[in-house]
Each structure stands twice: as C-alpha cells, then as structure tokens.
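Shown next, in structure tokens, is the structure this report addresses.
The values are calculated or read from the model by the stated rules, or taken from the named source; none is laboratory data. Remember, predicted model here, so these are calculated numbers, not experimental data. Counting neighbours? That spans all protein chains shown, and the Cβs are built from the backbone with ideal geometry, glycine included. These area figures cover heavy atoms from the full protein model, side chains too; ligands, DNA and RNA do not enter into them. Shrake-Rupley method; radii C 1.70, N 1.55, O 1.52, S 1.80 Å.
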Amino acid sequence: MMRITETADLWYNNAVIYCIDVETYLDSTGSGTGDLHGITQRIDYLAEIGVTCLWLMPFYPSPRRDNGYDISDMYGVDSRYGDHGDFVELIRVAHDRGVRVIIDLVINHTSDQHPWFKAARRSTDNPYRDYYVWRADDPGDTSDQAMFPDEEDGIWTLDERTGQWYLHHFLHTQPDLNTANPQVRDEIAKLMGFWLQLGVDGFRVDAVPFAINQRTLVGMDEHEFEEPHDYLRELRGFLQRRASGQGSAIMLGEVNLPHEEQVAFFGGENSDQLTMQFDFFTNQRLFLALARNDAAPLAEALRSRPTGLRIESQYANFLRNHDELTVDLLDEDEQDEVLDAFGPEEDMRFAGRGLRRRLPGMFNGDPRKLKMAYSLLFTLPGTPVMFYGEEIGMGENLDVPGREAVRTPMQWSSGKNAGFSTAKPSQLSRAVTHGPFGPEHVNAAQARRDQSSMLHHITRLAKRYRESPELGWGDVTVIDTEVPQVLVHMTTWENRSMVLLHNLGSEPTIVPFALEDLEPGTPLVDLLSEESCELDEDRMTRMPMDGYGYRWLRVANEDDHRLL
Ligand code: NOJ
C-alpha cells in the first residue's frame, strides 16, 4: 500500500524545479547585474507559484565565455552576485519556505583561467598537467565533434608553450578535466562536500556523458582503464554518504542521449548513479508532435521510456531551458520539420541544430497552445522543470547574440528595465526583451492580478501536480484513441490513477476511449473544471475537448482520502 510519507523521502519524484540565471533574475544593488540577494527576495514569489526546488545556474567566478559554465574558482561566488554569506542566506530562506536548492556542478571542464589549467600548461611535468587531457600528436580534423561548431573547429587546441594539444569538447577556453585522474576525483568530491555542507540539496550535473567519457579514460590516459560508469557510481556513493544527515540530495544529470542509452546513467536496475536525468528524447518528440499536430511522436517517446528502473530513478521533463532547443535526437527530416515550424528564420536558429527561442515566440503567442503545453509539462510522467520567466510567458530577444537570446532579464514589472534593475539601461548586463513579449505586455506584477494569466495557470497546475503524486511517481500507459491529435495517457501509482488528455490540434473534438482495467461506472473527476464523467457499461467514455484543450481526470477511488 502506498504511503504519502514516501513523497517526503524521495522528494524529487514530485518536485517542481525552477532554473534561475543569477545574472538576470533580480538586481538588488542597482549594479545592472542580478545577484543572490535578489533571488532571496523572490523566494516567496516562487513558493507561491508552487516551486519546490531551485536550480541555480553557475554563480562561480568566471571569465564568462560560456555564461558562467567556464569556472575559474569552483569554491567561489562571483563578487558581482554577492558572497558566501548571501548564498547561505538564500539557502536558509528557501528552506524555511519549503524550497530546496540545487546548483550546477561542472566536472567536465574548467575555465582556462582556473589556476589548475594555468599551472598545467606551464610544462609537461607540472603537477597539474594530468588534471587535463593532453596529446602530443596532431589530432587531425575533429570538427564534427565540436559542440559549438560556429566558434570552434575541433575539440583539440594546440598549446604553443609545450607543443601539445589539450582536449575541450566545448570552447577552447573550457579545457576538459581528466576525470580518470584520482586527484581530480578527489578534488570533485571535496567540492561537492563543500557545497553540501553549505546546505545545498544536490546538483545539476553538467555534460555528464562527456565528463565520464571513454576518450578521457581509455587509451588517452596513463591511468588504468576503468568502466566510466564506475565513476558516476562513486560520485553518487559520496553524495549519499555526505547528504545522509540532511535528507536525500540529488544529482540531476544532463545526458542528451536516447532512452536506451540513458539507462546506464541511472545505474540500470541498481539505481546507483544519477538520481534524475532530463528527458531530452521526449522533449524533442514533443516538439515534433506539436509541429505535426499529431500525438503519435510523443506517444512513442513515452512508450520508449525504459522500464524496470527503480522508483529512485526519475525523469525530469522540460519544455525549454537556458540553452538552444536542440533537435539532435530526431532524424534529419524530423529536425527540419521542427525547425521550420518553430524557427522559420535563420536568425532564430543556433548552430544549425536548434532554436534560440522561448516558447511564446515559437507559438506566435497563442495562449491556448501555450497553456496546453504547460499542462503537458506537468502531466508527463516525471518531474517538471521550468526556466525562469516561463511562468509569465516571457519571449526571447533575438537582438542578443547566440543562446543569450533566451537569457534576458526577468520581467517583474512594466517599469524601468522591467523591474529587474534600477541601473541605467546601458549598464544592464543583458538587454531586456522588447516587442510583443516585452515588459509592457508581459510581467509578473500584472500577471499576479490577472486570473487568466499564465502565472495563475502554472500555479494551478503546480498545486494539482503536487497533490497528485501519481503523476510524478506513477507508471505510464498510453491509451489508444482514434483521434490522432489527442494524447491520452494514464499514470498509476499503487491505488492511485489519473487519466490525462491533451489536444495538440486547434479544433475542438470528441475523444472516445476505454479504460479496460476499471469497473463500469467508475467516476473520472476533472481536477481543473466542473466537467466530470463516468465510464459506461463498456468501460468507455467520450470526452469533449476544446481546441488545444487539456483534462486532468482523477480515477475516483473510495480508499483515496484526497479532496476532489
Ligand atoms: C551544458 C550547459 O547547459 C550549457 O549552457 C553549456 O554551454 C555546456 N553544458 C558546457 O558547460
């Protein structure tokens, strides 16, 4: 029998995660740059929406060639954002409001300005040399492996001083760490221990497949070969030991790979590696489904979720994040479909493989379609993750270069600088969005007063999601229906079930479906509207749906004591 108390232990299985770029959230000092104290002032706002876990993007000292993912001191706090005191205050206030905090852990690389790399490049026998990955022979053309092909023409850069090449999957200013080196591993463990001691509830682990990459571990390195996943297992073991006093801490990994390859990153049936992984595959199939107004690609993705994982392993769902919307797991034709549908102009694209847009721009601001998409986010089996500003429907600013287009200042009000900062507009670290999604039309202050706003919609979804742990915990079944544009899925956790309907098409329709395992007459109670129904004697129902409509139906059950 299921116990509600379990939801407190494995809290991440039905968390609502919210990602913040400190740089652009709220400037509390008038400097033009967001800061930690600014976030602390918005914890109540976030708690009110129903956010239960913040993910803070890198706030460490950094030359910021990659929005802070190029770290020069992993123990530090960039002085523009505040200091360790501000960090601890933020954690304390968040915890008091029932909000956990995870932070980015970047173990694949450092900045080239990190003291380790500065030392490493001095000579081939420097004690830090082996913290990074070097080769003496010319690597040849590796341009097909560069993650930022517009900026780098390969993954090895020749370092003049010692005449050897160093590995960097991302920018050449982000040398890859040699995670096969036991000293590097000790450093990373010590680092995790430090932030856990300051109270964080876990980590969003950057670029995991690269960080434990065979290339680093095999052949290229003098250390004895080891199965790369042993290293992830080691990290998880360490996390578990260090965090045992403060409730379970998590590692939410960025693993942009197909489902079958993600299994190994969870640790398969042992569940002893990453606690959570973003579901990039389902994300990309979801956009293909939306481009086609056809639920099938999304249904296939849900059906292809690995089975046999333990309840400790959890998927994180998202619509958009701080990076480009990547479509790299789709076939080439499918990629074109998504890019053409949501980013018809060249300027909306990034590195040929994705879109530097936020959702409202992609959907031409259609509020019905947007609301349906967020309903999907909260009902796809797993844990929803939002990027700041999504809750109010912020758009991108294509005038800002590259991926920064989606990382513009949070729009708090229609006032100066969108209420983000009191600095002169020319001093802002990033320009505010303008146009139809600019602050005069889209801002949090206005949204709070408008019952039909995206903010109220998200708040309502988050509430119902939190009281329906079967959404986060359950097993999913896709229910057959003859209406191609509608996804009908059911999630079941022990004696609790919900049936979810989403119309990806703009026209109203009627959706007949059967729930074979339930009794005739079973009531299906709509959690978001008055329109409940029950199964007929053939265990069928016919559900009317608006264009872009969505329904959250709880299967009523006498043993379930929740309010309906
Ligand atoms: C993934 C992060 O999300 C992205 O923003 C960054 O550029 C790369 N990892 C490299 O750290």
Placing unit charges on C-beta atoms (Lys and Arg positive, Asp and Glu negative, everything else neutral), compute the dipole magnitude of the range 364-499 about its Cα centre in debye, rounded to 20.
600 debye
Could you sort Arg97, Arg449 by their accessible area in this structure, using a 1.4 Å probe and putting the largest first?
Arg449, Arg97
So if R0 is 60 Å, what FRET efficiency would Arg460 and Ala189 give, r being the distance between their Cβ atoms, rounded to the nearest 0.05?
0.90
Whole-number accessible area per residue in Å² for the chain, which is evaluated in the context of all protein chains at 1.4 Å:
39 Å²
Whose amide H sits under 5 Å from the amide H of Asp159, counting only residues 5 or more places off or on another chain, with H placed in the peptide plane?
Gln164, Trp165, Tyr166
Rounded to the nearest 10 Å², the accessible area of Glu254 using a 1.4 Å probe with every protein chain kept is 40 Å²
Taking Cα centroids, how far is the range 440-461 from the range 350-380 in Å?
17 Å
Which one of Leu455, Thr481, Phe420 has its Cα pushed farthest toward the positive end of the charge dipole of the range 411-564, where Lys and Arg give +1 and Asp and Glu give -1 at the Cβ?
Phe420
Using alpha-carbon positions, the gyration tensor of the range 320-409 gives root eigenvalues a ≥ b ≥ c; with a/c under 1.5 called rounded, otherwise prolate if a/b exceeds b/c, else oblate, the class is oblate
Out of Trp195, Gly98, Ala341, whose Cα points farthest toward the positive end of the dipole of the chain (charges: +1 Lys, Arg; -1 Asp, Glu; placed on Cβ)?
Gly98
Test of understanding: what is the full-extension gain from Gln427 to Leu563, defined as 0.36 nm times their sequence separation minus their Cα-Cα distance?
43.9 nm
For the range 399-458, count all C-alpha to C-alpha pairs, find those more than 15 Å apart, and express that count as a whole percent of the total.
51 percent
Which cross-chain or sequence-distant (5 or more) residues have an amide H under 5 Å from the amide H of Glu494, H modelled 1.01 Å from N in plane?
none
Select from Ala514, Leu527, Asn495 the residue farthest towards the positive end of the dipole of the range 438-564; place +1 on Cβ of Lys and Arg, -1 on Cβ of Asp and Glu, and compute about the Cα centre.
Leu527
Helix-only CD estimate at 222 nm, as mean residue ellipticity for the chain, using -39500 (n - 2.57) per DSSP H run (n ≥ 4)
-8000 deg cm²/dmol
Compute the label zone of Thr124 within the range 145-163: residues whose backbone N is under 19 Å from the point 7 Å along Cα-to-Cβ.
156-163
Taking the square root of 5 times each eigenvalue of the Cα gyration tensor, what semi-axes in Å does the equivalent ellipsoid of the chain have, largest first?
39, 27, 24
I'm a student and want to see the number: the projected area of the Cα convex hull of the range 115-205, averaged over all directions, in nm².
7.0 nm²
Would you calculate the separation in nanometres between label points at Leu257 and Asp399, each defined as 7 Å from the Cα along the Cα-to-beta-carbon direction?
4.3 nm
Suppose every Lys and Arg Cβ carries +1 and every Asp and Glu Cβ carries -1, with no other charges. What dipole size does the range 31-92 come out with about its Cα centre, to the nearest 20 debye?
100 debye
About its Cα centre, what dipole magnitude does the chain give when the only charges are +1 on Lys and Arg Cβ and -1 on Asp and Glu Cβ, stated in debye to the nearest 20?
2100 debye
Could you check the spin-label model distance between Asn364 and Glu345? Points 7 Å from the Cα along Cα→Cβ, value in nm.
1.5 nm
Quick one: angle between helix 332-342 and the longest Cα principal axis of the chain, in degrees between 0 and 90, rounded to 10, please.
70 degrees
Share of antiparallel DSSP beta bridges in the chain, in percent to the nearest 5?
60 percent
Once both label points are put 7 Å beyond Cα along the C-beta direction, the Gln197-Glu531 separation in nm becomes 5.8 nm
So what's the Cα pair-distance distribution over the range 80-237, bin width 10 Å, in %?
10, 35, 32, 17, 6, 0
Could you pull out every residue, at least 5 positions away or on a different chain, whose amide H is within less than 5 Å of the one on Ser72? Hs are placed 1.01 Å off N in the peptide plane, and Pro or chain starts have none.
Ser62, Ser111
Rounded to the nearest percent, how much of the accessible area of the chain (1.4 Å probe, protein heavy atoms only) is carbon and sulfur?
46 percent
